[in-house]
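No value in this document is a laboratory result; all are computed from the given coordinates. The model shown is predicted, which means the values in this text are computed figures rather than measured ones. FYI the Cβ positions are ideal-geometry reconstructions off the backbone, even for glycines, and counts take in every protein chain you see.
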Amino acid sequence: MLGRDKKPRDNYSNHTLIAPSAQIRGDIEFTGGLHVLGTVTGNISVGGEGGRLVIGETGRVQGEIRVPKIVVNGKVEGDVHASEHLELAEKAVIEGNVYYTLIEMVMGAQVDGKLVRQNERKHLPHPDQVKNGESKGKDDK
């Protein structure tokens, strides 16, 4: 199970918790660690010093996420951009496209969208340009 092995954890001095009863409306930019157990309606991004986002089992995010390190065990309605590492735990549900560099996905996690590896992203057509298995890239005529 995710989180049970003894991986070195990032030593962030700033940690923010959004409690299960909290509802945040608006965009969030943070540095350090952000743990979402409540509901966020808005985009989540990280400041210049980097950070790690954890969406707990009761956590819900409606908006785009752009954070280097992300762990999801709740629900996300929007695109997810993880430039370093993405973990999808057993109860993760993502309704949107997932852009990642490294991904770890446990049985039970759900993604309703496209999985796009960021290193290969520039070689792939945009998901909206692909129809019926055919791509319409600039090399196609």
Margin query: Suppose we keep just the DSSP beta bridges with both residues in the stretch 16-95; what percent of those would be antiparallel, to 5?
Written below: 0
Notebook entry, point to check: Where the only charges are on Cβ atoms (+1 Lys, Arg; -1 Asp, Glu), what is the dipole of the stretch 15-129 about its Cα centre, to the nearest 20 debye?
Noted result: 40
Item checked: the stretch 42-56 - phi-based ³J(HN,Hα) in whole Hz, Karplus 6.51/-1.76/1.60, Gly and Pro as x -> x, 7, 10, 9, 10, x, x, 8, x, x, 9, 10, 10, 10, x
Notebook entry, point to check: Just for the Cα atoms in the stretch 15-129, what are the lengths along the principal axes, largest first, rounded to whole Å?
Noted result: 41, 33, 23
Notebook entry, point to check: Which whole-number percent of Cα pairs in the stretch 70-113 have a distance greater than 17 Å?
Noted result: 15
Checklist line | Calculated from backbone phi, Karplus (6.51, -1.76, 1.60) coupling profile of the stretch 61-71 in Hz, x at Gly/Pro | finding: 10, 10, x, 7, 10, 10, 9, x, 10, 9, 10
